[in-house]
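First up is the structure itself, then whatever we jot down about it.
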Amino acid sequence: DAGITQSPRYKITETGRQVTLMCHQTWSHSYMFWYRQDLGHGLRLIYYSAAADITDKGEVPDGYVVSRSKTENFPLTLESATRSQTSVYFCASSESPGQQTRDTQYFGPGTRLTVL
Amino acid sequence: AQSVTQLGSHVSVSEGALVLLRCNYSSSVPPYLFWYVQYPNQGLQLLLKYTTGATLVKGINGFEAEFNKSQTSFHLRKPSVHISDTAEYFCAVSDNDYKLSFGAGTTVTVRA
């Protein structure tokens with residue numbers, strides 16, 4: 001049972017480059033989320049998705065793009081990376097509405113991104 | 001909109017001692033409340049959650065938390081910590097729309 005995986009685990013890139021972070025879950029969860037973790041801020045929601053082809057902005061969406069063509073995948077793209085996007089990125093998923101545990105989010109191991 | 005405040009960014013305790021982590025929230029509707037733990041270089045793992053019912057919630061690894069509506073708090077405690085409890089702890093709140101708002105986190109260091 002692989003659960004939720006993220007790739008790459010570590011990435012170094014340069015300012016202005018496009019970067020895509022991958023997230024894959026094996027549970028067929030409807031909801032998926034992208035967060036960034038920065039010291040002193042906890043986790044902040046970037047984007048989330050309620051189902052395939054349905055996405056919406058979170059608290060800090062600027063500079064990021066998401067897509068969800070398949071239920072199990074939720075890639076996050078930095079179109080033109082900036083130093084302020086250096087962070088640890090976490091993907092999470094939760095179950096479909098109506099399930100008893102729908103409100104619990106399950107997190108991937110994270111991607112540490114450095115933008116030089 | 002909801003917000004979460006965790007008092008104290010770092011706590012250091014001796015092994016076997018009680019640890020208490022404080023969390024206060026604001027929410028316009030009855031909230032769902034969560035505590036997550038993050039061990040070094042790992043993702044977040046659910047410790048416990050409050051949705052409805054009994055205000056004292058028991059979680060994994062001997063942790064428990066109490067929901068106090070009048071004080072808008074959800075403090076986490078463990079009566080006797082172990083070295084392996086060294087981690088960062090996050091309080092989070094949801095107003096039933098599937099999105100979580102997290103506090104800034106409290107790092108717990110357990111000394112031998």
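The values are calculated or read from the model by the stated rules, or taken from the named source; none is laboratory data. Because the structure is a prediction, the values reported are computed rather than measured. Glycine also receives a Cβ, built like all others from the backbone with ideal geometry; neighbour counts cover every protein chain displayed.
Note on segment B:34-45: among residues that are farther than 21 Å from B:R111 by Cβ and at pLDDT 95 or above, the one that is surrounded by the most Cβ atoms within 10 Å (Cβ to Cβ) is B:Y36.
Condition check ((1) β-branched (V, I, T); (2) under 10 Å from the mean Cα position of the chain (by Cα)) across all residues:
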| position | (1), (2) |
| --- | --- |
| B:P31 | no, no |
| B:T52 | yes, no |
| B:I60 | yes, no |
| B:T72 | yes, no |
| B:F90 | no, yes |
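Listed by first and then second residue, the pairs with beta-carbon distance under 7 Å, at least 6 apart or on different chains, first residue in segment A:1-15 and closer than 10 Å to A:R112 by Cα, second modelled with pLDDT under 95, are A:R9/A:P109.
One line per residue, one yes/no per condition, for (1) crowded, with 20+ Cβ neighbours inside 10 Å; (2) of a type in the set (F, W, Y); (3) within 14 Å of chain B (Cβ to nearest Cβ):
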site: A:M32; (1), (2), (3): yes, no, yes
site: A:G40; (1), (2), (3): no, no, yes
site: A:Y47; (1), (2), (3): yes, yes, yes
site: A:A51; (1), (2), (3): no, no, yes
site: A:D56; (1), (2), (3): no, no, yes
site: A:P75; (1), (2), (3): no, no, no
site: A:T86; (1), (2), (3): no, no, no
site: A:F90; (1), (2), (3): yes, yes, yes
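Only a single criterion out of (1) at positive phi; (2) of a type in the set (V, I, T); (3) surrounded by 20 or more Cβ atoms within 10 Å (Cβ to Cβ) is not satisfied by B:V81, namely (1). Of B:T51, B:T55, all but one fail to be more than 14 Å from chain A (Cβ to nearest Cβ) and either in contact (Cβ under 8 Å) with a residue 60 or more places away in the chain or in contact with a Phe, Trp or Tyr (Cβ under 6 Å, 6 or more places away or on another chain) (or both); the exception is B:T55. Take the conditions under 13 Å from the mean Cα position of the chain (by Cα), surrounded by fewer than 14 Cβ atoms within 10 Å (Cβ to Cβ) and more than 22 Å from B:A104 (Cβ to Cβ) and apply them to A:R17. Does it pass? No: the conditions fail for A:R17. Give segment A:39-82 a look and list any residue that's aliphatic (A, V, I, L, M) and either at pLDDT 95 or above or touching a Leu at 6+ places or on another chain (Cβ under 8 Å) (or both), or say none. Of everything in segment A:39-82, those that are aliphatic (A, V, I, L, M) and either at pLDDT 95 or above or touching a Leu at 6+ places or on another chain (Cβ under 8 Å) (or both) turn out to be A:L43, A:L45, A:I46, A:V60, A:V65, A:V66, A:L76, A:L78, A:A81. When the criteria are applied in full, B:V13 fails the requirement of being within 11 Å of chain A (Cβ to nearest Cβ), on the phi < 0 side of the Ramachandran plot, surrounded by 13 or more Cβ atoms within 10 Å (Cβ to Cβ) and not charged (D, E, K, R). A count restricted to segment B:68-112 and to residues that are within 9 Å of chain A (Cβ to nearest Cβ) and in a loop (DSSP other than H, G, I, E, B) stands at 7. Among the residues of segment B:54-85, the one identified as touching a helix residue (DSSP H, G or I) at 6+ places or on another chain (Cβ under 8 Å) and under 20 Å from B:N24 (Cα atoms) is B:K78.
Output the residues belonging to segment B:7-39 that are of a type in the set (A, V, I, L, M, F, W, C), within 22 Å of B:H82 (Cα to Cα) and not in a loop (DSSP other than H, G, I, E, B). Spell out how you get there, then give the answer.
First pass over segment B:7-39, keeping only residues of a type in the set (A, V, I, L, M, F, W, C): B:7, B:11, B:13, B:17-21, B:23, B:29, B:33-35, B:37.
Going one step further and asking which of them are within 22 Å of B:H82 (Cα to Cα), we end up with B:7, B:11, B:13, B:17-21, B:23, B:34-35, B:37.
Those that are of a type in the set (A, V, I, L, M, F, W, C), within 22 Å of B:H82 (Cα to Cα) and not in a loop (DSSP other than H, G, I, E, B): B:L7, B:V11, B:V13, B:V19, B:L20, B:L21, B:C23, B:F34, B:W35, B:V37.
Considering only strands (runs of 3 or more DSSP E) fully contained in segment A:1-111, which possess at least 2 residues that are in contact with a His (Cβ under 8 Å, 6 or more places away or on another chain)? Let's see the steps before the verdict.
Working: elements: A:4-7, A:10-13, A:19-25, A:31-38, A:42-51, A:54-57, A:64-66, A:76-78, A:87-94.
Ranges flagged: A:4-7, A:87-94.
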